[in-house]
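Values quoted throughout were computed directly from the atomic coordinates according to the rules given, and no laboratory measurement underlies them. Since the structure is predicted, the reported quantities are computational estimates derived from the model, not experimental observations. Cβ placement follows ideal geometry from the backbone for every residue including glycine, while neighbour counts extend to all protein chains displayed.
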Amino acid sequence: MAVPMLLPKISTILIGVILLLPFAVTFLKMILKDGPDPSTQAEFERMSKEMRADLDQIATRNGSIMRSIAIYEGVTIHPSLALVWQLSPRRWAGAVGLSLVFLLLAIVVFSATNFKPAFSDFYANVPDQASNEVDLAVPADRLSQLLAQIDNTDNIDRSVEARQLLEEEAQMNWLPRLHQILETPGDFYIRESVAPAVIRLEGMAALPRLIDALRLGFDEGMDCDSLQFDVTRLIESDPQAALAVLLPMADSSVPGDRADAAWLLGFVHAKVPPEVFIRLAKDDIPEVRRAACGSLASLQGHEQAFQMLISCLDDTDENVRISAISSLGSFGDKRALPLLEQLVLRSSERVRPIVDYAISALKNR
């Protein structure tokens, strides 16, 4: 696992070397090949002769040992050498330039080894085993890696890609954790993201758990569009299997179960006896009646369904009335027009736009 992190570091250093190498060669040539001009060379030779004469006098007085120490083949540390450098600015420029090249190379090496490359997202959550330190922020397993990438909504493309990979790679031993996520309040985005993976692993058996996750999202004030789509797609994929789950819910003593059954059965209404929706539209709980009215819109041409919607226009709950009005517009029976036109004048500001929509939908059929 250390190789992926090592490759970009080595690549960065090599790129730096390749870019700086021409400059290094140029500056090195300036140092090695650019000697003094003729006048400077003549001055150098004159001062060297004076130096040799002085050294010969020293050697005469102190012996040849001092001379051999002081000079070796005419090259020694002497002011004349400094003069050569002073009178050769290109050499100085070469020396300074070469120093800057080494400095830039050191910066490149330091940056490559101490900072993540610009494309480090490609290696997200991959531990660098070249280091002896353990990065506690790096997830230990594939599921955790994908969840971390999904949760990183600063990179939405990466998040969406991780959602797809989660569905494709999901394993049965992931289910306990995926179930826990579906049941945990707070992060609806993560809940919605794991739903396709749970569906792939469990099929219709996941439906009750997904419905509970929907309720949780609605309680938190979310629209849960993505999760609703996944649930309805699951129901439509196998209506008979869905009915085995939803019809018992329609007879449940729990109002929430009946309400969920009322609207979800609408997606497989062709397989459901109309009497189920009519019975739910008479339920004691307004939320159940409202959901049932929404599903009755699918029973076009069914006289009992039409009459039930008409009776719901006088329901004591405004949300039920709104659902009935909207469903009449979709139902398509123009016998509802006179009643809807009468509602225009006595409806509240919240209800009036929905009445206008229903009237327009019926007139345009």
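Table for the structure above
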{"read-out": "Residues Glu50, Glu192 arranged by fewest to most Cβ contacts within 10 Å", "value": "Glu50, Glu192"}
{"read-out": "Gained length - Ser360 relative to Glu275, 0.36 nm times residue gap less alpha-carbon distance", "value": "27.7 nm"}
{"read-out": "Net lengthening on full extension, Ala106/Arg209 (0.36 nm per residue, minus Cα-Cα)", "value": "31.3 nm"}
{"read-out": "Convex hull per residue volume in Å³, alpha carbons only, for segment 212-305", "value": "93 Å³"}
{"read-out": "Trypsin sites (Lys or Arg not before Pro) lying in DSSP loop within segment 235-288, provided at most 13 other Cβ fall within 10 Å", "value": "Lys282"}
{"read-out": "Surrounding net charge for Pro286, when Lys and Arg each add one and Asp and Glu each subtract one, Cβ distance under 13 Å", "value": "-1"}
{"read-out": "Charged-residue dipole, Cβ positions (Lys, Arg, Asp, Glu), segment 145-208 about Cα centre, Debye nearest 20", "value": "160 debye"}
{"read-out": "Extension reserve of the Asp314-Thr232 stretch, reckoned as 0.36 nm per residue once the Cα distance is removed", "value": "26.5 nm"}
{"read-out": "Computed over segment 259-314, the ratio Rg/Rh where both radii use C-alpha atoms and Rh is Kirkwood", "value": "0.91"}
{"read-out": "Ascending count of other beta-carbon atoms within 10 Å, so fewest first, for Leu103, Leu362, Leu227", "value": "Leu103, Leu362, Leu227"}
{"read-out": "Residue-count net charge about Glu318 - beta-carbon cut-off 14 Å; Lys, Arg +1, Asp, Glu -1", "value": "+1"}
